[in-house]
Amino acid sequence: MNLLDLYIDPDIKRASTLPSSIYTDADFYKETLEKIFATSWQVIEIDPDQKSNIFPFILLDGSLDEPLILVNADGQWKCMSNVCTHRGNILVTEAGKYSNIICGYHGKCFDINGHYKSMPAFEGAVDFPSTKDNLPELELEHLGPMQFASIASDEDFKTIAGPMLERMSWFPFSELTLSPELSNTYVVDVNWALYCENYLEGFHIPFVHEQLNKALKFSEYTTEVFDYCNLQVGVAREGEPFFQLPEGHVDHGKKIMAYYWWLFPNTMINIYTWGVSLNIVKPKGIGKTEIVFKTYLLPGIEKDQAISDDLKNTEMEDEQIVSNVQIGVKSRFYTQGRFSPRMEKGVHHFQQLLVKYLQQ
Ligand code: FES
Ligand SMILES: [Fe+2]
């Protein structure tokens, strides 16, 4: 597939979807990882505790596989490379309380800010040490307990998530706490983009999600598109919980049950009256995707299994349908389709962004 041939008409009424080979082509997948994922903002999955100050993790294990550390340097959070600047050994293998970072291969030493401190047997080395001997640091942002890092972002986090931060400025993100009991991880045999596209339209709700459809007023379901994120708004039916929105807010007076935010390329932040369901869509291969569901509760909300069960039911229904689509897109009879101008704005937006990044 020639990436330069990809085209999405900006007019959704005229546009056709991308060719189905985007879900199955190995070269396309490889380009996607480097051009989209390696330059994007990603959720840091680990949940730091008080016992340690350095937490090793792999950013997008199974695709980017970037070894990193999250560091609490006297209350200031940092994210850095976990690779020794000498010959590439992994520095930290276990979370713990460290006062220095000492490489277990030849003893190179860094302070917890990642700055070079010492190295045995380097007397006489010219131009040493230099700034290249420090550990590279990543940009890091947080939204309540959720932390985001970028290896090499083209855009800052505010450019990506700004519309969400503004629209949700009344929501107490800082009061959220993770509920590991209500969190889950799923693995599905589908391409990551197919999973995202399914998320990005509520068009399928009446067909696929019987229970969810009973709670939402489908006729009032809307999608709004911004530069690098988009929003689906679910309005509650009679008797269902909804947000009490502050006066003057753009949605004041509406009975909003959920805000479904998607951040380019693979993060979903679903905001409910009880808290947040964060979904991280992790590519694990061309046809394999892991979806990490993290559930964060607001204060005073009980760890109610029903919260997790409802999310899980919807997830199972989505997995079933996208697994069918993954088979369908391989058909010799299917190449591309068209968009519903009213219901598939989010998918159209997603595919436009894919093309934009892949052609850079
Ligand atoms: S690789 Fe770390 S000191 Fe040699
Ligand atoms: Fe769905």
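Per-structure values
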read-out	value
Contour minus Cα-Cα distance for Tyr186 and Gln336 (0.36 nm per residue)	51.2 nm
Acute angle (nearest 10 degrees) that the helix 345-358 long axis makes with the longest principal axis of the chain, alpha-carbon atoms	30
For the chain: accessible area per residue (Å², 1.4 Å)	47
Residue range of the chain that is longest and free of GluC sites (Glu not before Pro) which are both DSSP loop and sparsely packed (at most 13 other C-beta within 10 Å)	124-237
For the chain, calculated [θ]222 nm from helices alone, where every DSSP H run of n ≥ 4 adds -39500 (n - 2.57)	-6000 deg cm²/dmol
Where chymotrypsin sites (Phe, Trp or Tyr not before Pro) in DSSP loops with at most 14 other Cβ within 10 Å are excluded, longest remaining stretch of the chain	171-332
Loop sites in region 1-75: trypsin sites (Lys or Arg not before Pro), DSSP, at most 15 other Cβ within 10 Å	Lys13, Arg14, Lys51
Relative contact order (%) - region 35-91, alpha-carbon pairs under 8 angstrom, separation at least six	21
Three-way shape label, region 1-91, alpha-carbon gyration tensor, a/c 1.5	prolate
Formal net charge of residues neighbouring Ile54 (Cβ-Cβ distance under 13 Å; K, R +1; D, E -1)	-1
Percent accessible area from carbon and sulfur atoms, the chain, protein chains only, probe 1.4 Å	50
Cysteines without a disulfide-compatible neighbour (Cβ-Cβ under 4.7 Å), the chain	Cys79, Cys109, Cys196, Cys229
Cα long-axis angle, helix 157-167 against the chain (0 to 90 degrees, to the nearest 10)	40
Crossing angle, helix 305-328 versus the chain [Cα axis fit, 0-90 degrees, rounded to tens]	80
Fully extended contour minus Cα-Cα distance, from Glu302 to Lys254, at 0.36 nm per residue	14.7 nm
Cubic angstrom per residue, convex hull over Cα atoms of region 41-150	105
Cα-based Rg / Dmax (Å) for the chain	22.2, 77
Neighbour cut-off at most 15 other Cβ (10 Å), DSSP loop, trypsin sites (Lys or Arg not before Pro), region 67-124	Arg87, Lys97
Spin-label model distance (nm) - Ser323 vs His115, 7 Å beyond Cα toward Cβ	5.4
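The values are calculated or read from the model by the stated rules, or taken from the named source; none is laboratory data. Because the structure is a prediction, the values reported are computed rather than measured. Reconstructed Cβ throughout: ideal geometry from the backbone, glycine too, with neighbour counts over all protein chains shown. Keep in mind that these areas ignore ligands, DNA and RNA; they rest on the heavy atoms of the full protein, side chains included. Shrake-Rupley method; radii C 1.70, N 1.55, O 1.52, S 1.80 Å.
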